[in-house]
Amino acid sequence: MLTDKTWKPELLIRLLSGFLLCFGLVGLVSSLLLSKEEMATAEGGFASMVFFTTIVHGGGLLLVASFLRAHEMTWSQAFGFRDISPLKAFLYGVLVAVAFLPVAWVLGQISAALMQLMGTEPVAQQAVQMLQKTVLPLQQVYFGFMAIVMAPVVEEIFFRGLLYTGIKQAGYKRGAVWVSSLFFALVHANVMTFIPLTVLALVLVWLYEKTGNLLSCITAHATFNLVNFVLLLNQPALEAWLKKQQGFIW
């Protein structure tokens, strides 16, 4: 069961402003250093990704550390890392992610079909497009580390650990659920994944309330990203295999 947090509103607002500043800084500096043509290349896209993750994820963790220090609170106290055993939190996260993956894929197909009906071509997330262009093993390892480790940690701390609990603490429980979930989907900046990611965020809020341990949400998020990352890396081979099986499918 998730225990109530006592975040100081002025510090939470300062933290959220710092996150937004990081996003704005990334966009500004990227536009100054790289042209649109350079950004469209695999090398330019990868350079942009490294810069983005360094500023947003690295800066975000520093902001959270400062926020917790101001509250005289440890990471375990803030995010319930000891509320249930790490093994239970891990298992809960994996099970929830595995159960949700088929739902996410169906919702993604529905979203793509609706977009096509409205005359809009479905486009993958920018990070996915960059990964599909990346062929160097070291770059793929970097993408994997960010997708499977850093993004789940930073995003779960921010959206579930801080934003959700902060709004809930202010007395707006339903608002906390929907604002944190919709904002989570919006920051990924992709129309096709908006519905699946919103539903994923709702599931993660439920999981956080159920376990009281943010590690369960981080694990679920990481598992979800891991499966999709592996499928993306092997997409050409999977498509070739499916074509070979068409003659055997009735």
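Derivation of every value follows stated rules applied to the coordinates shown; laboratory data play no part. Please read these numbers as outputs of a predicted model, since none were measured by experiment. Cβ atoms come from the backbone with ideal geometry, glycine included; neighbour counts cover every protein chain shown.
Observations, loosely collected:
- Computed FRET value (nearest 0.05) for residue 124 with residue 91, which takes r as the C-beta separation and R₀ as 35 Å: 0.70
- In sequence order, the stretch 118-131 has phi-based couplings of 8, x, 10, 7, x, 10, 5, 4, 4, 5, 5, 4, 5, 5 Hz under the Karplus curve 6.51 cos²θ - 1.76 cosθ + 1.60, θ = phi - 60°, and Gly or Pro positions carry x.
- Per-residue ³J(HN,Hα) for the stretch 180-191, Karplus 6.51 cos²θ - 1.76 cosθ + 1.60, θ = phi - 60°, Hz, x for Gly and Pro: 5, 6, 5, 5, 4, 5, 5, 5, 7, 6, 8, 5
- P(r), alpha carbons of the stretch 84-217 - 10 Å bins starting at zero, rounded %: 12, 35, 36, 15, 2
- Close amide H pairs (under 5 Å, H built 1.01 Å from N) link residue 123 with 192, residues at least 5 positions away or on another chain.
- Each 10 Å bin from zero holds the following percent of Cα-Cα pairs in the chain: 7, 27, 35, 22, 7, 1, 0.
- Separation of the stretch 119-169 and the stretch 72-109, taken as the distance between their Cα centroids, equals 16 angstrom.
- Whole-Hz couplings from phi, Karplus 6.51/-1.76/1.60, listed for the stretch 75-92; x for Gly and Pro: 5, 5, 5, 5, 10, x, 5, 10, 5, 10, 4, x, 5, 4, 4, 4, 5, 4
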